[in-house]
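The values are calculated or read from the model by the stated rules, or taken from the named source; none is laboratory data. Only a predicted model underlies this, so the values are computations on that prediction, with no experimental measurement involved. Here the Cβ is made from the backbone with ideal geometry for all residues, glycine too, and neighbour counts use every protein chain on show. With ligands, DNA and RNA removed, areas are computed over all heavy atoms of the protein, side chains included. Shrake-Rupley method; radii C 1.70, N 1.55, O 1.52, S 1.80 Å.
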Amino acid sequence: MPNWKRMLTQLGFNGEELWDTLRYRLKGRMKAIGPVHILPYRGYGTPSAFYLNGRVLEKKGILRTTDRSTPWSNLLVTFRRFETLEIPGARVRAESGGVVEEAVTDGEGYFGVVLRFDPPLPTTGVWHPVHVELLDRPNPRQGPVTATGQVVVPSPTSDFGIISDIDDTIIETHATSLAKMAKITFL
């Protein structure tokens with residue numbers, strides 16, 4: 001391994017992280033960060049606590065493909081879905097049932113919040129909304145950025161649950177390695 005690469009690795013950078021950091025800083029200095037959005041993932045919980053993760057990214061404006069799309073345009077759209085601009089260090093606020101928590105995104109734009117309820121929420125319904133708001137504005141021309149996530153709270157009388165995850169269960173995707181994942185996806 002070359003000395004400069006070893007030095008970057010020892011400092012905690014890998015090639016993708018370094019590229020992401022440089023690109024985000026450059027776009028920020030040029031005031032070229034486009035509109036951003038919050039992508040809350042489906043969460044899970046109990047009457048006492050909700051767990052919700054999500055991501056803050058620059059919007060890509062990706063158009064849907066059609067039956068008439070060429071293989072090259074499909075390939076370009078697929079690449080654009082992988083090539084995201086993550087928003088690191090963004091503060092988000094999550095609220096549900098009168099409980100509010102804040103979190104800060106990591107270097108890849110991910111955040112996680114835990115909303116704790118005391119006393120526990122009544123167990124009505126299975127899905128519960130969590131309202132998420134971006135407190136920082138990387139794009140000052142953009143108005144408020146909000147999203148609504150969903151948290152599932154199974155019935156306390158449930159006898160069993162089913163957990164399903166396709167990544168690395170049905171097909172080995174190598175989701176932690178961009179190069180290996182791209183090879184499997186494209187080939």
#### Entry: Protein accessible area in the range 41-124, 1.4 Å probe - carbon and sulfur %
54
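Just to confirm, what accessible area per residue do you get for the range 44-160 at 1.4 Å probe, in whole Å²?
With the other protein chains kept in place, the range 44-160 gives 62 Å² per residue.
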### Summary
For the range 45-115, inverting the pair-averaged 1/r of distinct alpha-carbon atoms gives a Kirkwood value in Å of 14.5
### Query
Tally Lys/Arg at +1 and Asp/Glu at -1 over every other residue whose Cβ is under 11 Å from the Cβ of Glu95; what's the total?
-2
